1. For segment 84-173, what is the accessible area per residue in Å², given a 1.4 Å probe and the full set of protein chains?
2. So, by mean Cβ neighbours within 10 angstrom, what's the order for 139-149, 242-252 with the highest one leading?
3. Quick one: of Lys139/Lys231; Lys123/Lys213; Lys123/Lys307; Lys28/Lys213; Lys126/Lys231, which pairs are farther than 26 Å apart, Cα to Cα?
4. Need one number: nm distance between label points at Glu198 and Glu169, each 7 Å from Cα along Cα→Cβ, rounded to one decimal.
5. Out of the GluC sites (Glu not before Pro) in segment 163-225, which ones are loop residues according to DSSP with at most 11 other C-beta atoms within 10 Å?
6. Amide H of Met311 versus every other amide H placed in the peptide plane: which residues, excluding those fewer than 5 positions away on the same chain, fall under 5 Å?
7. What is the extension gain from Asn272 to Ser241, computed as 0.36 nm multiplied by their sequence separation minus the C-alpha to C-alpha distance, in nm to one decimal?
8. Just to verify a number: FRET efficiency for Asp32 and Thr137, C-beta to C-beta distance, R0 = 30 Å, to 0.05?
Amino acid sequence: MADRPVFSIVVPAYNEELVVGEAYGRLKGTMDAMGEPYEIVFVNDGSRDLTCPIIESICAGDPNVRLIDLSRNFGHQIAITAGMDKARGDAVVVIDCDLQDPPGVIPLMAGKWREGYDVVYGKRIKRKGEGFLKRLTSKAFYRLMRRMTEVDIPVDVGDFRLIDRKVCEAMGTVRERSRYIRGLISWVGFRQTFVEFERDARFAGETKYPFRKMVKLALNGITSFSYKPLKIATYFGTLLSFAGFAYLLVVLYQRLFTDSVIQGWASILIVNLLFNGITLILLGIIGEYIGRIHDEVKGRPLYVIMKETNMGDG
Ligand code: UDP
Ligand code: MG
């Protein structure tokens, strides 16, 4: 097996045929200039376009490039996990394939790492080329997340970051399925810092994070780091019980001391609809957690690898 590289660059790619070539070129440029041994680990997350053959041909011409080809689309967070599991470097950098995270930031991260930090995350001070709605929802989400969880997860931070070998090993022991990697990395601890950067527009192609996947990521983030939604049920339940009891007294009073009992139709209907709606919402919240328990209990592997290229015997 070749000597361990100093840097591993993990690049998840899902239907990125328009950008992998350029991503490789720029990463190679940056890493060559840094002058230390490195590997670029592409993780093909079940792409249905030419992403995989393109990376394979890059692999054929450059022994520093490696490919993990997953057997289907497992999702961004799992793809990153596969890459981190297989990365061999002393420092592991996770970066998006679409060049929204500028490779030029890697030397800055490496500098912080040399200073002794174990996690250096990229903090986005500006996001170019992303719609108003995406920026608004993600801003709101990061702040909501912050209020709801006990783990200190920094705001406006994506998965673009450098982690030390020991953090990578620690992450290797965390095998939960609903993965919210940036949360988990905060959770494992160590000395953490950040560098600021401006997030560029996508180099080409379109986002692989439609609204549906964003909601899923957000739900995973909240449910795997917070019990607060479950507590909402308790709060609501208590509040409603008190209100219900108060109303019961009113009804009793009306029944016993007045003769206006027949008119109750509207109020009964309203109370019914309201309470049923709230009950269903709360059941749904509980269901979210139970579904995740079910997922974990099955204990399936996080991903399945179809093929590895240039991975040596590591
Ligand atoms: N990605 C992936 N699997 C998926 C979705 C996305 O590996 O199921 C990769 C994608 O190729 C890219 C990164 O995750 O390298 C971030 O995706 P994207 O740029 O589409 O997300 P956005 O920047 O729009 O949030
Ligand atoms: Mg992107």
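1. Working: 3780 Å² over 90 residues.
I get 42 Å² per residue for this part.
2. Working: 139-149: 14.7, 242-252: 10.7.
Highest to lowest by the protection proxy: 139-149, 242-252.
3. Details: Lys139/Lys231 24 Å; Lys123/Lys213 22 Å; Lys123/Lys307 34 Å; Lys28/Lys213 30 Å; Lys126/Lys231 35 Å.
Over 26 Å apart, Cα to Cα: Lys123/Lys307; Lys28/Lys213; Lys126/Lys231.
4. Reported label-point gap for Glu198 and Glu169 is 4.0 nm.
5. Counting only loop positions with at most 11 other Cβ atoms within 10 Å, the GluC sites (Glu not before Pro) in segment 163-225 are Glu206.
6. For Met311, whose amide H was placed from the backbone, the distant partners under 5 Å are Leu67.
7. On the way: separation 31, 0.36 × 31 = 11.16 nm, distance 1.36 nm.
Between Asn272 and Ser241, full extension yields 9.8 nm more.
8. Details: r = 38 Å, r/R0 = 1.27.
E(calc), rounded to 0.05, equals 0.20.
The values are calculated or read from the model by the stated rules, or taken from the named source; none is laboratory data. Note that the coordinates shown come from a computational prediction; the quantities given were computed from them, not determined experimentally. Every residue, glycine as well, gets a Cβ built from its backbone with ideal geometry; the counts of neighbours run over all protein chains shown. The protein model used for the area step is the full one, side chains on, heavy atoms only, and it has no ligands, DNA or RNA in it. Shrake-Rupley method; radii C 1.70, N 1.55, O 1.52, S 1.80 Å.
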